[in-house]
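Asker: One structure is given below, represented as structure tokens, and several questions about it will come after.
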Amino acid sequence: MNSVIFKKELKRNRKNTAIWSAILVGFTALILSIFPSFSEMGEEMAKLMSSLPEEYAKALGMDEETWSSIIGYYGTYYGIYITLLMGIFTASTGATIIGKEERDGTAEFLLTRPISRGSIAATKLGVLGTLFVIVYGIQMLAAVIGLLIFGEEVNWSVFIAMHVHGFFLVGFFTASGVFMSSFLSPKLNYMGPVVGLIFGSYFLNAISMATEKVSWLGYISPYHYLNLTAKNGVLELNLITCFGASVVTAILLWISFKRYLSRDIVG
Amino acid sequence: MSAIELSSLSKFYGNQRGIDGVSFAVKKGEIFGFIGPNGAGKSTTIRTLMGLLAATSGKATIMGMDTSVEGARIREKIGYLPSEVDYYSDMSSRELLLYHAAIYKVGDAAHKIQELATYFQLELDRPIDDLSYGNKKKCAIIQSVLHDPEVLILDEPTGGLDPLMQNRFFELLERLNKKGVTIFFSSHVLSEIQRMCDRAAIIRAGKITAVEDITTLLSKQMKTVRLVTNSVNNMVLPEGALNHHQSGQKHTFDYVGPTQDLIVWLNSQAIIDVTLSEPDLESIFMNYYQS
């Protein structure tokens with residue numbers, strides 16, 4: 001890793017990271033701040049839940065706990081929105097962090113410095129990892145503060161399982177962004193493919209949960225393996241799937257890294 | 001040991017030819033020209049040499065080190081000036097040059113940058129995006145020499161520079177060369193190669209067609225002669241004249257041969273006006289090989 005490039009890259013991405021962090025913190029604060037109102041509605045929400053089509057509630061991972069405990073409520077939104085938003089940020093950054101140099105024509109400058117391509121790629125991936133951890137950490141901190149303020153009783157073991165699964169899920173999406181960019185043109189706008197990948201994965205899992213006829217669809221979605229929502233107040237940390245996800249993520253990054261070492265650089 | 005050596009270096013993009021079996025050697029301390037028309041393969045050769053493109057076959061060494069193996073070590077000793085200058089748009093020239101200096105660990109960089117910027121009349125604190133092409137080129141020149149390289153690789157270095165800056169740039173190159181810096185100078189402008197270089201390689205359609213001393217190159221060089229005479233009569237052309245066209249008193253022809261003989265012949269004509277110019281490179285090459 002090259003410390004000069006590392007610092008410059010962090011500086012270059014700070015505005016984007018700050019904006020996405022603010023969006024995630026704002027969204028987390030918003031959803032947690034309205035939980036007390038839902039909680040006060042108690043029986044009315046339970047009635048509303050029972051009036052929803054069963055498939056719809058299953059698809060969104062909602063049950064009675066969604067409205068009666070703050071962690072069940074938070075988990076529903078965490079699975080639907082927060083991981084999607086975070087995944088879009090990190091995967092789109094992953095897709096452009098290396099290719100942006102080629103798209104902007106600065107690759108020639110960077111790659112003619114006395115630094116190996118391997119070191120440049122490792123530095124860029126190091127920056128990506130740092131940005132991911134920063135955004136992830138800020139959102140998690142906001143969630144902890146929000147849960148402490150707005151929740152009376154918080155099941156922290158469910159919270160930890162949810163966030164550990166979320167970490168590996170978003171990590172997988174981030175690596176997918178890097179992988180995608182190593183095989184496609186650097187001039188492509190990656191936002192579309194990235195959003196498609198993340199939303200597609202989410203909806204495949206949602207559909208598979210809604211009806212048993214197509215439950216097999218879930219197997220091709222990472223959401224199936226890294227569950228984010230508590231069922232009846234229970235969510236257990238699955239270390240085996242976390243390990244599996246980290247292996248797949250490492251393979252995607254390794255292939256992208258090797259490809260970058262031998263690729264012709266667009267002028 | 002040569003400063004730069006290319007042995008049968010080829011680069012193909014699928015079936016498309018980039019360069020094909022390029023071989024030549026640049027001696028240490030030499031100013032070596034690399035000339036060819038646009039699309040001949042000059043930039044492909046240089047980009048392969050710099051490790052931006054992977055060679056399909058063949059080998060290139062700089063200071064005895066294989067470019068495909070020891071790229072990072074080689075680049076410590078190289079100053080590179082690309083033909084197209086694209087820098088980080090969110091930086092000023094000063095920031096970019098300090099960034100470059102930090103990577104190369106250049107001592108007293110701020111002072112050196114200021115000195116070179118004054119020499120080339122470059123405003124350092126304007127955002128790079130606001131600079132004209134010529135000013136971006138000045139910034140590129142400064143970054144190519146800032147870290148005291150042993151070998152300078154210049155790809156079409158004068159594009160965008162006005163004649164005054166071109167002169168300053170050439171003077172800087174001459175000073176660096178006197179200090180022992182090897183210069184590889186790629187251009188499609190023959191007069192630049194004539195002025196700066198000791199020897200030159202000529203590339204055409206991806207292949208090296210000759211490596212010549214500049215004096216040999218000059219002796220075979222073609223000129224385009226445009227004359228206005230004081231009569232419409234046919235004239236007897238000098239030996240070595242080609243492609244003659246006449247329109248009233250105006251004559252145009254290409255000339256290949258000793259310049260002295262042409263001057264003697266011009267003196268014997270009743271001429272109102274005369275212009276000697278370089279024909280386009282393709283014509284030069286066609287003639288060069290026919291002769």
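Asker: Is one or more of the residues making up region B:12-30 assigned to a helix (DSSP H, G or I) and open to solvent by 30 Å² or more (accessible area, probe 1.4 Å)?
Answerer: Within region B:12-30, the first condition is being assigned to a helix (DSSP H, G or I), and the residues that meet it are none.
No; the residues of region B:12-30 include none that is assigned to a helix (DSSP H, G or I) and open to solvent by 30 Å² or more (accessible area, probe 1.4 Å).
Asker: Could you go through region B:158-179 and let me know if any residue there is of a type in the set (Gly, Ala, Ser) and part of a strand (DSSP E or B).
Answerer: The answer is no; no qualifying residue exists.
Yes/no per residue for (1) in a helix (DSSP H, G or I); (2) surrounded by 15 or more Cβ atoms within 10 Å (Cβ to Cβ):
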site	(1), (2)
A:ILE120	yes, yes
A:LEU128	yes, yes
A:LEU148	yes, no
A:VAL154	no, yes
A:GLY177	yes, yes
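Asker: Here are some residues: A:THR96, A:THR83. Which one is more than 14 Å from chain B (Cβ to nearest Cβ), within 27 Å of A:PHE257 (Cβ to Cβ), at pLDDT 85 or above and open to solvent by 10 Å² or more (accessible area, probe 1.4 Å)?
Answerer: The unique qualifying residue is A:THR96.
Asker: Here is a check on your reading of the model: is B:ALA25 over 23 Å from A:GLU108 (Cα atoms) and more than 14 Å from chain A (Cβ to nearest Cβ)?
Answerer: Here the answer is yes, as B:ALA25 does meet what is asked.
Asker: Pairs please, first residue from region A:139-156 and at positive phi, second anywhere and modelled with pLDDT of 85 or more and not small (Gly, Ala, Ser), Cβ atoms under 8 Å, 6+ apart in sequence or on different chains.
Answerer: Filtered contacts from region A:139-156: no entries.
Asker: State all residues of region B:239-261 that are part of a strand (DSSP E or B) and polar (S, T, N, Q); if no residue qualifies, say none.
Answerer: Residues satisfying the conditions are B:ASN243, B:GLN246, B:SER247, B:THR252.
Asker: Among the residues of region B:198-230, what is the count of those that are over 23 Å from B:LEU9 (Cα atoms) and open to solvent by less than 40 Å² (accessible area, probe 1.4 Å)?
Answerer: Within region B:198-230, residues that are over 23 Å from B:LEU9 (Cα atoms) and open to solvent by less than 40 Å² (accessible area, probe 1.4 Å) number 9.
Asker: Kindly evaluate A:VAL214 against the criterion of being assigned to a helix (DSSP H, G or I), more than 14 Å from chain B (Cβ to nearest Cβ) and at pLDDT below 80.
Answerer: Against the criterion (assigned to a helix (DSSP H, G or I), more than 14 Å from chain B (Cβ to nearest Cβ) and at pLDDT below 80), A:VAL214 qualifies.
Asker: In region B:108-123, is there at least one residue being in the same structural domain as B:LEU161 (by TED's automatic domain parsing) and touching a strand residue (DSSP E or B) at 6+ places or on another chain (Cβ under 6 Å)?
Answerer: no
Asker: Same structure, new question: Could you please find all residues in region A:221-267 being open to solvent by less than 50 Å² (accessible area, probe 1.4 Å), of a type in the set (Ser, Thr, Tyr) and away from chain B (no Cβ under 14 Å)?
Answerer: Within region A:221-267, A:SER221, A:TYR223, A:THR229, A:THR241, A:SER246, A:THR249, A:SER256 qualify.
Asker: List the helices (runs of 4 or more DSSP H) inside region B:38-155, counting only whole elements, that have at least 1 residues being of a type in the set (D, E, K, R), crowded, with 17+ Cβ neighbours inside 10 Å and within 9 Å of chain A (Cβ to nearest Cβ).
Answerer: The helices (runs of 4 or more DSSP H) meeting that bar are B:42-49, B:71-76.
Asker: Among the residues of region B:90-109, what is the count of those that are closer than 22 Å to B:THR158 by Cα and touching a residue at least 40 places away in the same chain (Cβ under 8 Å)?
Answerer: Taking region B:90-109 as the starting set, the residues that turn out to be closer than 22 Å to B:THR158 by Cα are B:92-94, B:96-97, B:100.
Applying the additional criterion that residues be touching a residue at least 40 places away in the same chain (Cβ under 8 Å) yields B:93, B:96-97, B:100.
Qualifying residue count for the region: 4.
Asker: Can we say A:LEU141 is under 16 Å from the mean Cα position of the chain (by Cα) and open to solvent by 40 Å² or more (accessible area, probe 1.4 Å)?
Answerer: Against the criterion (under 16 Å from the mean Cα position of the chain (by Cα) and open to solvent by 40 Å² or more (accessible area, probe 1.4 Å)), A:LEU141 qualifies.
The values are calculated or read from the model by the stated rules, or taken from the named source; none is laboratory data. Owing to the predicted nature of the structure, the values given are computational and were not obtained by experimental measurement. A quick note on method: Cβ atoms are made from the backbone with ideal geometry, for glycine too, and the neighbour counts reach across all protein chains shown. The protein model used for the area step is the full one, side chains on, heavy atoms only, and it has no ligands, DNA or RNA in it. Shrake-Rupley method; radii C 1.70, N 1.55, O 1.52, S 1.80 Å.
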